[in-house]
Structures are given as structure tokens and as C-alpha cells.
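Worksheet: the structure to be examined is printed underneath.
The values are calculated or read from the model by the stated rules, or taken from the named source; none is laboratory data. Keep in mind that this is a model prediction, so the values were computed, not measured. No Cβ is skipped: glycine too gets one built from the backbone with ideal geometry, and neighbour counts run over all protein chains shown. Remember, those area values only see protein heavy atoms, side chains included, never the ligands or the DNA or RNA. Shrake-Rupley method; radii C 1.70, N 1.55, O 1.52, S 1.80 Å.
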Amino acid sequence: MNRKSMVTIGLTTVWLAVLGGLAISAQDKYTVKVPGGLAFSDFKGYEDWQFVSMSQTDDRLKVILANTTMIAAYKVGIPGNGKPFPDGSKIAKVQWKPKKSTEAPFVVNVPDTLADLFFIEKDSKRFPDSGGWGYAQFDYDPKSDTYTPDKAGTPNCGHACHTVVKAKDYIFHPYQKR
């Protein structure tokens, strides 16, 4: 083997090691979990769930998505028919910091930086003290492209806020008309 081949192999080995190190250091978001509560992995595939509703606060644009179990429940009239959502119902609320569109010819807010993900899961056995619902918020850090459980991250995080809609099985957003 000549010197040029050995240098090429050496440089290739270093380059692959660097790339491998970067791949290893990237966070697998599905390994993050709220202590004693919901795991990010429980919501795998949420990116493809169906749209339920949206909302906007002063500092967030929010899209509410639901899994097929919850969508099926909405379609038979839950919670308006007085029945609760079945166990296995899940919601993902994707929350962005808003910004004014610089392209639209009118004033409109559009998503800017992802802020956090808020997940809700119905599991009556696991969360009996919160109407059967478990809550988790995972804050997103765009600089490191990582998620961390919100500091208030207990299994009942979010329940206090949702008690005002107890009559709707603790869910704020209806399935919006299309």
C-alpha cells in the first residue's frame, strides 16, 4: 500500500469517526420522560396525527392533534354526548413562538421557533387522581435541538388547568368543523 492510500484511509477513518460522534451525540427525543409520568415515546408518530383544533395566546401558536382513538371518539360525539374519552386517547399540542409574516400582504402570525410539545394521554388506571388523564410538557431548545421535561413535570402537570372543563372530560378543544 502506498503512502497516498494510507493517508486517504486515515483521513476517511477520522471523518467517519467525527460523523459517528455527531450521530451519537444527537438526542433521541423518544428517550425523554417526565419523572414518574409520560414518556415522549408514548407519543411516537404524533407528527402524523389528525388536526383537531388550534389556538393562540400572546406568546404561542398552538396546533392540537389527536391519535386515531381520540378522533374516533370525537366522531361519535364525545364528549358532547356526556360520555368520556376511552383509555388510549391521546393529544399532542405543538406550540411555536409566533412571528409576523414578512411575505403575506396582510398582517398574520406564523410559527417561528418551536417552543414545546404538550402531551395528554387517557389512562384511567395509571392516572386515577386526574380524571384518568396524564400530562407532560417537553420544552424544546433550538440551539441544542433537544427536548427536556418541563420543570413542573409531574404526572398531574396540566390537570389543575383542565379542571375547568371537567364536564367535557377535561378537554378544552372540540373537534373543529371542516
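Quick notes
- Surface composition of the range 18-113: carbon and sulfur make up 56 percent of the accessible area, probe 1.4 Å.
- Segment S41..D59, full-extension length gain: 3.8 nm, with 0.36 nm per residue of separation and the alpha-carbon distance subtracted.
- Dipole magnitude of the range 77-133, debye to nearest 20 (Cβ charges: Lys/Arg +1, Asp/Glu -1, about Cα centre): 60 debye
- Potential extension, D87-A160 segment - 0.36 nm per residue separation minus Cα distance: 24.3 nm
- For D112, net neighbour charge (Lys/Arg +1, Asp/Glu -1) across residues whose Cβ lies under 10 Å away: +3
- Positive-end extreme of charge dipole, the range 47-118 - chosen from F106, L117, G77 (charges on Cβ): G77
- Solvent exposure of the range 85-166 as accessible area per residue, Å², 1.4 Å probe: 53 Å²
- Positive minus negative residues near G77 (Lys, Arg vs Asp, Glu; Cβ under 14 Å): +3
- Here the range 60-131 was treated as a single set of alpha-carbon atoms; its pair distances binned every 5 Å from 0 give 3, 15, 17, 17, 14, 11, 11, 7, 4, 1, 0 percent.
- For L65, neighbours were defined as the other residues whose beta-carbon sits under 11 Å from its Cβ, and their charges (Lys and Arg +1, Asp and Glu -1) total +1.
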